[in-house]
1. Could you pull out every residue, at least 5 positions away or on a different chain, whose amide H is within less than 5 Å of the one on Glu36? Hs are placed 1.01 Å off N in the peptide plane, and Pro or chain starts have none.
2. Translational diffusion coefficient of the stretch 1-45 at 25 °C, 0.890 mPa s, Stokes-Einstein with Kirkwood Rh over Cα pairs, in µm²/s as a whole number.
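Just so it is clear, none of the values below were taken in a lab; they were calculated from the coordinates. Since this is a predicted model, take the numbers as computed values, not measurements.
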Amino acid sequence: MIRIREIDDPDLRRRITEALAERRGMSVAAIPAWFELDDLDFVDLLNDLKERESPSADLDDPRM
């Protein structure tokens, strides 16, 4: 489990909070700093952020 307030990088914390709010159909202000994400949800959000930043990254992966 990870709490949003435990994310040290302010930019990553902001992006995680925005992605979580978007996924849940909520306002960013409605996501409390004590909100807990389990490991799977956190990794899913990180993967979504990575895909948004470089959508063609999977095409370059030789394993695919």
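1. Amide H neighbours of Glu36: none.
2. 237 µm²/s
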